[in-house]
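*Asks:* Below is the structure I would like to discuss, written out as structure tokens.
The values are calculated or read from the model by the stated rules, or taken from the named source; none is laboratory data. None of these values were measured; they are calculated from a predicted model. Cβ atoms come from the backbone with ideal geometry, glycine included; neighbour counts cover every protein chain shown. Accessible surface areas use protein heavy atoms only, side chains included; no ligands, DNA or RNA. Shrake-Rupley method; radii C 1.70, N 1.55, O 1.52, S 1.80 Å.
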Amino acid sequence: MSPPLDLSTTYEFDDTEEFAEASKSKYGDGYVYSRWANPTVDALEAAVADLEGAEGAEAFSSGMAAIAGTFLALCEAGDRIVAVRQLYGGTYSLLSEMLPRYGIETTFVDVADPSAVSGVLDGAKLLYCETIGNPRVQVADLPAMAEVAKSAGIPLVVDNTFATPILARPIEHGASIVVHSATKYIGGHHDLLGGIVCTSKEWLEQIRHLTLELGPTLSPFNAWLGLRGMTTLALRVERICANARAVAEALEANPEVNAIHYPALDGDPSKHLADRLLGGRGGGVLGFDVAGGRERAAAFQGHLQLVERAASLGGIRSLIVHAASVTHTQLSSEELEAAGISEGFCRLAVGLEDPEDVVDDLERALKLSA
Ligand code: PLP
């Protein structure tokens, strides 16, 4: 019942002719060398592609490798990307600092204003956004984004890490390419690092062509862990969403919390999009501003006992980060403000614990840090 784990990096052939034939096409069906293809990695790719409604998928050694691989496969020196600025900090710095070194520039736009996006798409190579942005959890209007990208004749590339295909399948809303950090919900147990790109055969060929040469391949063991994670993805995501909603409601009522950001809460600016695109669910991550700013936020996090001070999200345990000092250090104060991240902003990724225990821990730490 457990899928086989094929750790082999290389495959033997009975005769030289067969070997030569199989090696002709690195993109063929057979197995020659594991950087080209591996049965366990193929199985994970097929499972995620199926769930996203894509023709195929290519797995990578990390989410960043998947994102960078996609950008590099689609763009060359002199090209321009249009991306929303409400992004994971690593993606933001890839676009704003790293890619310009290779002649690829990015124009940043506001996720809340898809109509303004169309004005800057002329001559761009692709449009990029996250279904639920990290860390302020703004939901992107995927159909509107897809519409403007289609009018400009360019692909919409969506990072669906926070939503997972359980909450949204961006290809159904018109996206051409979906990327994931499999490290998060797909893995789900804080023990695998991986990424995956789901798309059409045509785009996949372009992406594979680049990545076979660059080599950011997912290891078979991590693919096997990803397959195990996939079997409980729907259950975990539904439960985590319910837990996150309970925690968000408790924090909303707490006077020590200045603002709470969670797309499924009444009054949240993304609520209408969560209703329309995420089936009313808000995902597993919420953001909140602790009254008292940076120092109070740090003191509060120091008093937590159940919720762990740790990077990442999407796993079984509840993890908290102080965005300004951990995940979004690449952003200047002005950039933080533009991305809607205050000095006291905490990103909480809710796990599978009893939500009452999580709420008790948060409330106790808020009291102790007052
Ligand atoms: N995309 C999002 C939305 C993320 O939150 C992250 C990591 O936190 C990444 C991509 C990068 O993934 P990885 O850490 O697997 O490289």
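*Asks:* Do any residues in segment 121-146 that are in contact (Cβ under 8 Å) with a residue 40 or more places away in the chain have Cβ atoms under 8 Å from those of residues that are among the basic types (Lys, Arg) and surrounded by 24 or more Cβ atoms within 10 Å (Cβ to Cβ), where the two are at least six apart or on different chains, and which pairs are they?
*Replies:* Between residues of segment 121-146 that are in contact (Cβ under 8 Å) with a residue 40 or more places away in the chain and residues that are among the basic types (Lys, Arg) and surrounded by 24 or more Cβ atoms within 10 Å (Cβ to Cβ), the close pairs are ASN134/ARG347; PRO135/ARG347.
*Asks:* Could you look through segment 1-29, keep only residues that are open to solvent by less than 70 Å² (accessible area, probe 1.4 Å) and outside any loop (DSSP other than H, G, I, E, B), and pick out the one that is farthest from VAL179 (Cα to Cα)?
*Replies:* Only one residue tops the list, namely ALA20.
*Asks:* Do the conditions hold for ALA365, that is, is it out of contact with any helix residue (DSSP H, G or I) (no Cβ under 6 Å at 6 or more places or on another chain), among the small types (Gly, Ala, Ser) and more than 19 Å from THR91 (Cβ to Cβ)?
*Replies:* So ALA365 fails the test.
*Asks:* Can you tell me which residue is least open to solvent (accessible area, probe 1.4 Å) among those in segment 88-112 that are among the charged types (D, E, K, R) and more than 21 Å from the chain's Cα centre (by Cα)?
*Replies:* Looking at the filtered set, the residue picked out is GLU105.
*Asks:* Please verify whether segment 302-318 includes one or more residues that are touching a strand residue (DSSP E or B) at 6+ places or on another chain (Cβ under 6 Å), surrounded by 18 or more Cβ atoms within 10 Å (Cβ to Cβ) and among the small types (Gly, Ala, Ser).
*Replies:* no
*Asks:* Please determine whether any residue of segment 267-285 is on the phi > 0 side of the Ramachandran plot, assigned to a loop (DSSP other than H, G, I, E, B), touching a residue at least 40 places away in the same chain (Cβ under 8 Å) and loosely packed, with under 14 Cβ neighbours inside 10 Å.
*Replies:* Of all residues in segment 267-285, those on the phi > 0 side of the Ramachandran plot come to 267, 279-280, 283.
Next, only the ones that are assigned to a loop (DSSP other than H, G, I, E, B) stay: 267, 279-280, 283.
Pick out the ones that are also touching a residue at least 40 places away in the same chain (Cβ under 8 Å) and you get 279, 283.
Cutting the leftovers down to loosely packed, with under 14 Cβ neighbours inside 10 Å gives us 279.
Checked segment 267-285: at least one residue is on the phi > 0 side of the Ramachandran plot, assigned to a loop (DSSP other than H, G, I, E, B), touching a residue at least 40 places away in the same chain (Cβ under 8 Å) and loosely packed, with under 14 Cβ neighbours inside 10 Å.
*Asks:* Please find, within segment 313-370, the residue that is nearest to GLY194 (Cα to Cα) out of those that are assigned to a helix (DSSP H, G or I) and small (Gly, Ala, Ser).
*Replies:* Ranking the qualifying residues of segment 313-370, first place goes to ALA323.
*Asks:* What is the residue count in segment 331-341 for residues that are more than 18 Å from ILE132 (Cα to Cα) and either in contact with a strand residue (DSSP E or B) (Cβ under 8 Å, 6 or more places away or on another chain) or surrounded by 14 or more Cβ atoms within 10 Å (Cβ to Cβ) (or both)?
*Replies:* So the count comes out to 2.
*Asks:* Check off (1) assigned to a loop (DSSP other than H, G, I, E, B); (2) under 20 Å from the mean Cα position of the chain (by Cα) for LEU304 and give me the number that stays unchecked.
*Replies:* Of everything listed in (1) assigned to a loop (DSSP other than H, G, I, E, B); (2) under 20 Å from the mean Cα position of the chain (by Cα), LEU304 misses just condition (2).
*Asks:* Scan segment 176-216 for residues that are over 16 Å from the mean Cα position of the chain (by Cα) and either within 12 Å of the ligand (Cβ to nearest atom) or surrounded by fewer than 22 Cβ atoms within 10 Å (Cβ to Cβ) (or both) and report the count.
*Replies:* Summing the residues that are over 16 Å from the mean Cα position of the chain (by Cα) and either within 12 Å of the ligand (Cβ to nearest atom) or surrounded by fewer than 22 Cβ atoms within 10 Å (Cβ to Cβ) (or both) in segment 176-216 gives 14.
*Asks:* Out of the residues in segment 164-175 that are within 21 Å of VAL82 (Cα to Cα) and open to solvent by less than 20 Å² (accessible area, probe 1.4 Å), which is farthest from the chain's Cα centre (by Cα)?
*Replies:* The extreme case among them is ALA175.
*Asks:* Tally the residues that are within 16 Å of the ligand (Cβ to nearest atom) and more than 25 Å from SER270 (Cα to Cα), restricting the search to segment 298-325.
*Replies:* Looking only at that region, the number is 5.
*Asks:* Do any residues in segment 107-119 that are closer than 14 Å to LEU87 by Cβ have Cβ atoms under 6 Å from those of residues that are open to solvent by 40 Å² or more (accessible area, probe 1.4 Å) and of a type in the set (A, V, I, L, M, F, W, C), where the two are at least six apart or on different chains, and which pairs are they?
*Replies:* THR107/VAL120; VAL109/ALA116
*Asks:* Let me ask you something else. Could you grab me the full set of residues in segment 131-160 that are open to solvent by 10 Å² or more (accessible area, probe 1.4 Å), within 16 Å of the ligand (Cβ to nearest atom) and at pLDDT 95 or above?
*Replies:* Passing the criteria: GLN138, ASP159.
*Asks:* Inside segment 30-48, can you point out the residues that are touching a residue at least 60 places away in the same chain (Cβ under 8 Å) and either crowded, with 22+ Cβ neighbours inside 10 Å or outside any helix (DSSP H, G or I) (or both)?
*Replies:* Result: SER34, ARG35, TRP36, ASN38, THR40, VAL41, LEU44, GLU45, VAL48.
*Asks:* Does at least one position in segment 287-294 carry a residue that is out of contact with any Phe, Trp or Tyr (no Cβ under 9 Å at 6 or more places or on another chain), at pLDDT 95 or above and among the aromatic types (Phe, Trp, Tyr)?
*Replies:* no
*Asks:* Looking only at segment 49-70, filter to residues that are more than 18 Å from CYS129 (Cβ to Cβ) and near the ligand (Cβ under 9 Å from one of its atoms); which one of those is least open to solvent (accessible area, probe 1.4 Å)?
*Replies:* Among them, the one singled out is PHE60.
*Asks:* Could you tell me whether any residue of segment 120-127 is open to solvent by 10 Å² or more (accessible area, probe 1.4 Å) and within 16 Å of the ligand (Cβ to nearest atom)?
*Replies:* So far as segment 120-127 goes, no, none of its residues is open to solvent by 10 Å² or more (accessible area, probe 1.4 Å) and within 16 Å of the ligand (Cβ to nearest atom).
*Asks:* Is it the case, given these coordinates, that ARG228 is modelled with pLDDT of 95 or more, open to solvent by 10 Å² or more (accessible area, probe 1.4 Å) and touching an Asp or Glu at 6+ places or on another chain (Cβ under 7 Å)? Before the answer, list the steps.
*Replies:* Numbers: modelled with pLDDT of 95 or more: yes; open to solvent by 10 Å² or more (accessible area, probe 1.4 Å): yes; touching an Asp or Glu at 6+ places or on another chain (Cβ under 7 Å): no.
Here the answer is no, as ARG228 does not meet what is asked.
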